[in-house]
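To start, the structure itself, in structure tokens.
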Amino acid sequence: MKIITLVLAITMTALLSANANHHEEKKSNYRHVVCFKFKEDATPAQIKSIEKGFAALPSKIDTVTDFEWGTDLSPEKKAKGFTHCFIVTFADKAGLDVYIPHEAHQAFVKELRPILDDAFVFDFVAK
């Protein structure tokens, strides 16, 4: 009976430890959230080019570990004119520090600026 209790205790400890380590790994993800509001005279073709350009950055900058984007679908209508949201994930803040000045990102920003009315940027560590 003592052996079974010991085996169960070791197993539970291992499972809890594995779960804690998994949680710690997830917490280290650094998220870079960017929302865009385009100028009224921005054409659909220009906006499509920005969508494609942003989506291409992960293949050009190796510190990007994940990338998602979408357009506002909220029925609450509180987006204040922001139509696009992009979420770029890095392993840590050092990944963002490589990303921001990277020549591919800077070229993208140069293309974006003429049609951008406003941007909202929010960085956080995923919990």
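Among the residues of segment 104-116, what is the count of those that are open to solvent by less than 80 Å² (accessible area, probe 1.4 Å) and in contact with a Gly (Cβ under 7 Å, 6 or more places away or on another chain)?
1
If you go through segment 22-44, how many residues are modelled with pLDDT under 95 and in contact with a Ser or Thr (Cβ under 9 Å, 6 or more places away or on another chain)? So that I can check it myself, show each step before the final result.
Pass one, segment 22-44, residues modelled with pLDDT under 95: 22-29.
The next check asks that each one be in contact with a Ser or Thr (Cβ under 9 Å, 6 or more places away or on another chain); those that pass are 29.
Looking only at that region, the number is 1.
Return a yes/no flag: does segment 54-72 have any residue that is assigned to a helix (DSSP H, G or I) and either closer than 16 Å to F120 by Cβ or of a type in the set (V, I, T) (or both).
Of all residues in segment 54-72, those assigned to a helix (DSSP H, G or I) come to 54-60.
Checking the rest, the ones that are also either closer than 16 Å to F120 by Cβ or of a type in the set (V, I, T) (or both) come to 54.
Among the residues of segment 54-72, at least one is assigned to a helix (DSSP H, G or I) and either closer than 16 Å to F120 by Cβ or of a type in the set (V, I, T) (or both), which makes the answer yes.
Please go through segment 27-49 and give me each residue that is more than 18 Å from A126 (Cβ to Cβ) and either loosely packed, with under 11 Cβ neighbours inside 10 Å or among the polar types (S, T, N, Q) (or both), ordered by number.
Answer for segment 27-49, where residues must be more than 18 Å from A126 (Cβ to Cβ) and either loosely packed, with under 11 Cβ neighbours inside 10 Å or among the polar types (S, T, N, Q) (or both): E40, D41, T43, P44, A45, Q46, K48, S49.
Within segment 71-79, can one find any residue that is surrounded by 15 or more Cβ atoms within 10 Å (Cβ to Cβ), at pLDDT 95 or above and of a type in the set (S, T, N, Q)?
Taking segment 71-79 and keeping what is surrounded by 15 or more Cβ atoms within 10 Å (Cβ to Cβ), we get 72, 79.
If we keep only those that are at pLDDT 95 or above too, we end up with 72, 79.
From the residues that got through so far, the ones that are of a type in the set (S, T, N, Q) too are none.
Scanning segment 71-79 turns up no residue that is surrounded by 15 or more Cβ atoms within 10 Å (Cβ to Cβ), at pLDDT 95 or above and of a type in the set (S, T, N, Q).
Among the residues of segment 87-103, is any part of a loop (DSSP other than H, G, I, E, B), touching a helix residue (DSSP H, G or I) at 6+ places or on another chain (Cβ under 9 Å), without any contact (Cβ under 8 Å) to a residue 12 or more places away in the chain and open to solvent by 40 Å² or more (accessible area, probe 1.4 Å)? Spell out the reasoning first.
Looking only at segment 87-103, we keep the residues that are part of a loop (DSSP other than H, G, I, E, B), and these are 91-92, 100-102.
Among the residues that remain, those that are also touching a helix residue (DSSP H, G or I) at 6+ places or on another chain (Cβ under 9 Å) are: 100, 102.
Pick out the ones that are also without any contact (Cβ under 8 Å) to a residue 12 or more places away in the chain and you get 100.
After this cut, where a residue has to be open to solvent by 40 Å² or more (accessible area, probe 1.4 Å) as well, the list is 100.
Yes; the residues of segment 87-103 include at least one that is part of a loop (DSSP other than H, G, I, E, B), touching a helix residue (DSSP H, G or I) at 6+ places or on another chain (Cβ under 9 Å), without any contact (Cβ under 8 Å) to a residue 12 or more places away in the chain and open to solvent by 40 Å² or more (accessible area, probe 1.4 Å).
The values are calculated or read from the model by the stated rules, or taken from the named source; none is laboratory data. These numbers were taken from a predicted model, which means no experiment stands behind them. With ideal geometry, Cβ positions are generated from the backbone for all residues, glycine too; neighbour counts draw on all protein chains shown. Accessible surface areas use protein heavy atoms only, side chains included; no ligands, DNA or RNA. Shrake-Rupley method; radii C 1.70, N 1.55, O 1.52, S 1.80 Å.
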